[in-house]
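Read-outs throughout are calculated quantities, based only on the coordinates presented, and are distinct from any laboratory measurement. All values reported here derive from a predicted model rather than from experimental measurement. FYI the Cβ positions are ideal-geometry reconstructions off the backbone, even for glycines, and counts take in every protein chain you see.
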Amino acid sequence: MGRIEALKATGRWSFRQQARFVAPERSKSHWDHLLEEALWLQVDFRQEKRWKMACAYELARSAASFPRHSLRPTTENHIFVSYD
């Protein structure tokens, strides 16, 4: 503290803060492009997972609402395939 007081007395101590250093803009490197691609893939996988969950939900709802009495074994329910 004594040194600061001595500098103040001689008028060599500044009461203002220095301006922050602004780093120059840099060009994108390969790693920056790779990270952007990884971020895009993360979003894409998340959207695909949501879409698959929505499809599975709709299929489960339609399967649950399917009438079970129509599954009785009768000749009308059979599918015949010819191998000609």
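Take the Cα of residue 64, go 7 Å toward its beta carbon, and the backbone nitrogen atoms of the stretch 31-54 under 16 Å from that spot belong to 53-54. The 3J(HN,Hα) values that the Karplus relation (6.51, -1.76, 1.60; θ = phi - 60°) gives for the stretch 6-14 are, in residue order, 5, 5, 5, 5, 8, x, 9, 9, 8 Hz. Gly and Pro appear as x.
Sorting 25-34, 46-55 by average packing, meaning the other beta carbons within 10 Å per residue, from highest down gives 46-55, 25-34. Rounded to the nearest whole Hz, the Karplus-based 3J(HN,Hα) values (6.51 cos²θ - 1.76 cosθ + 1.60, θ = phi - 60°) of the stretch 40-49 follow the sequence 5, 5, 4, 5, 5, 5, 5, 5, 5, 5, with x at glycine and proline.
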